[in-house]
Every structure is written in C-alpha cells, then in structure tokens.
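Take a look at the structure set out below.
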Amino acid sequence: MSPNAGPRILFVEDDATLRNHLAEQLSDEYVVDSAGNGIEALRVVMRRKPDLIVTDIVMPEMDGLELLRILRSEPGTQGLPVLLISGRAEEAQRIEGFREGADGYLAKPYSVGELRAVVGSMLQAAGYRTETARREARELALAERASLLEGMTETLREADRRKSEFLALLAHELRNPLAPIGNGLKILRLSATPDPVMGRTVDMMERQLKHLVRLVDDLLDVGRITSGKLQLRPQQGVRVKDVLETAVESTRSLIESRGHQLSVEIRAPDLTVEADPDRLVQVFSNLLTNSAKYTERGGAIRLILEREDEEAVVAVVDNGIGIPAKSIATVFEMFSQLGSHPSRAEGGLGIGLALVQRLVQMHKGAVTAASEGVGKGSTFTVRLPLDAPVNTELPVTAAAALSAPQQAAADFL
C-alpha cells in the first residue's frame, strides 16, 4: 500500500463493462486493479500484491475457484482475503469455494453500497488478524529471549507452574463453549431434513469440532510433558495390531473427507508390547492425521506393521507434499510447522509430532521421519521394543532436554 492511498483491491470479472464500472465507483476509497480472468489476476498479483481480491466464480480460461486454490497454495498469498461473487455459479461451486478457503461470498445482483460494505468489513477483519499475528510474534520473541537468559532451576520450575496453570485455564475456557456446540450438532443430526447440503454442513461442523477437541487435548499434554507430569498406564501383552485398528477408526472420517486411499498392511499380526494402549493410539492417530493434512486431496496413505529383530516397526507412508531436507531435523520440535502449505490455515499448532516423539520415547521406542524432498511424500517410522518395560513417567531431565526455542515456547504457554 502506497502512502496516502487507500487499500489496494484486485477486481476479477470477465464482464468488462461491469468491471470498469465498479472500479470507477470504488476508486474514491480504494486503489483498484482489475483483471478479466484468473490468469490475468495472477499476473497482477505477481506485479503487486493487493490487500483484497474480489473475484467472479464463473470465468473463461481460469475460473475463480482455480484462482482461489492457487492463491491458497502459495505462501506469499495464503492469507490474502478473497471475496467470491457470482450470479451463475451452482450451489456446489459456492460450497466448494468456502472449502477452498474463501473469506466471503456475494451473490449477483448487488449494489455498489453492498459491495463497499462487505469489502470494508473484510479488510478490517484482515487488519485485526495481521495485528494479532504481529503481537503474538513479538510476545513469542520476548518469551524466547527471556527463556534463553533463564539459568536457575527454581526459575524454570516457576515457569512450569505458570504454564500448567495457564493450560488448565485455557482448556477449561475452551471446553465450556465446545460442549453446547457438540450438543447442538447432535440435535441438528436428530432433526435433520433430507437436504444433502444440510447433511454435508453438519458433517463438516462435526469434523471441525473434533479437531478443536483434539487441539485442547494436545495443549494439555504439552503442559504435562514439559513439566514431567505425564504418566503412562502400561499393560502387558498389548497387541500392536489392535492399537492400529483403533487409530484408523479414530481418523477414518478425516481421511475419507479428503478422498484419500488408506491401505493397512499387517505383516506381523501377533506382535505385542508392554505399553499404554490409549497413548499408543494417540501416537498413530497423530501420524495418520499428519499424513492426511499434508497430502493433497485424493492421495494415498499406507500403514504398515512388521517385525524387525526384537522390535515392532510401524510405518506411515504417504505421497503428500514431502519434507524439505532442511526441515527433517526440526520436524519433531514443538510448534514446528511446514509453513509453505495451506494446511496451516486449519488451525494446527505444530505440536502433534512433538507429542508423538515424547510418547514413543516414554515407551523406550524411537520415531524417525524421512522424505526424498518436496512433493515426494513422507515416511514416519515408529520402533517399539517387543514386551519391554516402559517408563511410567517422563524423566525430570526431559523438560531440561528441550532446546532453548522449545523451552521458550513452553514458557510462553
């Protein structure tokens, strides 16, 4: 945005008359660029990124949905607010637009005043999000610096206590609104009409509610692990095959909603370990969820169980976006994310793989990540000793073993 100029808007519309008219009407408040289709719009974005994009859905050469997908797939344009407009788009196209990450929809015909109001509201919301992100980044940076200067055990213990209190309060505050939302969805399900759109909408809301519940649980586990309070309830003779079947069931709806093909290869069905079965289910559910999130729609995921010497070896293999070589070493760090992928918009905290590593270590096992590079898929391999005793508590030294940035993030929580 240039000095003394309003926000920059890119208006994408194949009707030249309408395009020019709206550009002229909005030019008193905004700097308006225009394009006749998605391809022209991308060229404009490459020259100068706008603050907001208003795009028709139905256009020649490249329509608004394809333009939206490309914008959401690139790190430099992931956060651009996008308003879809159309008078001819089918209902399925409008729904698909929201699924692809559209921030709003306006049906034709609309007045200039209505368009101006929606655009202003979206720009204001985007400004709030940007300011919040900057503030959180500043707070996190300050927390990192403070953590690096901390050298006394008593200070670290006090930080752990505050963190645990914060996580407990956060979980309580988040669970309060989640419960009535869940009850409301159950009521909607019981009184559902045959309307397929309503059914798909309820399905989507239930998936997102489950995702929020999992985030709350993960936050609590982070607090327990970093303070050394997470305990296992080990059992003898836990069948790894049964654990994997439960993990598959818990993630099936997410995998199916993305159109993935999941194959389960049990090459050694009778392997048993001494373990906490619920925590092992959490390990493999997180790995399957990770593969589902970072694999493009319609991908393939393989879950393989086999024996190597005195270990049960479980591999989760996908043909997703892969892992850059520089990220392999940090993929299990707390709050680490693959920032170049639009899945970040789904609200992931970057703690799932960190939890996986800690839980596997508590079972005296090991987990590794491998990838041939970006776009070539990933393989996560868990090795567990057969019927070996497990630690029932994370050692006190585990919290101290966190890297300085990880400890800073934990202190921030």
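Every read-out reported here was derived from the displayed coordinates using simple, explicitly stated rules and does not represent laboratory data. Just so you know, these numbers come straight off a predicted model, no measurement behind them. Here Cβ is always computed from backbone atoms with ideal geometry, including for glycine, and neighbour counts include all displayed protein chains.
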HN-Hα J in Hz across the stretch 288-299 - Karplus 6.51, -1.76, 1.60, θ = phi - 60°, x for Gly and Pro: 5, 4, 4, 5, 5, 5, 9, 10, 4, 3, x, x
Hits among aspartates and glutamates - C-alpha to C-alpha of Lys210 under 14 Å, sequence gap 8 or more where chains match: Asp218, Glu249, Glu346
Within the stretch 235-392: Cβ-based charge dipole about Cα centre, in debye rounded to nearest 20 (Lys, Arg +1; Asp, Glu -1): 560
Dipole in debye (nearest 20) - the stretch 8-125, about Cα centre, beta carbon charges: Lys, Arg +1; Asp, Glu -1: 320
Mean Cα-pair separation over length for the stretch 59-145, i.e. relative contact order, pairs under 8 Å, 6 or more apart, %: 26
Sequence of Arg72, Arg358, Arg88 once ranked by neighbouring C-beta atoms within 10 Å, starting from the fewest: Arg88, Arg72, Arg358
Order by protection proxy (mean Cβ within 10 Å, highest first), peptides 277-289, 125-137: 277-289, 125-137
Residues whose placed amide H lies under 5 Å from that of Asp33, excluding near-sequence neighbours: Ile9, Leu10, Phe11
Taking the stretch 8-125 and dividing mean pair separation by its residue count, relative contact order in percent (alpha carbons under 8 Å, at least six apart): 23
Cut-off under 5 Å, modelled amide H: who pairs with Gln235 long-range: Ala275, Asp276
Segment Arg47-Ala107, extension gain: residue separation times 0.36 nm, minus the distance between their alpha carbons: 18.7 nm
Sequence-distant residues sharing a close amide H with Leu106 (under 5 Å, placed H): Leu84, Ile85, Ser86
Sites Ser263 and Asp195 - FRET efficiency at Förster radius 51 Å, r taken between beta-carbons, to 0.05: 0.90
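I'd like the FRET efficiency for Gln236 and Arg99, computed as 1/(1 + (r/R0)^6) with the beta carbon distance as r and R0 of 45 Å, rounded to 0.05.
Calculated transfer efficiency: 0.50.
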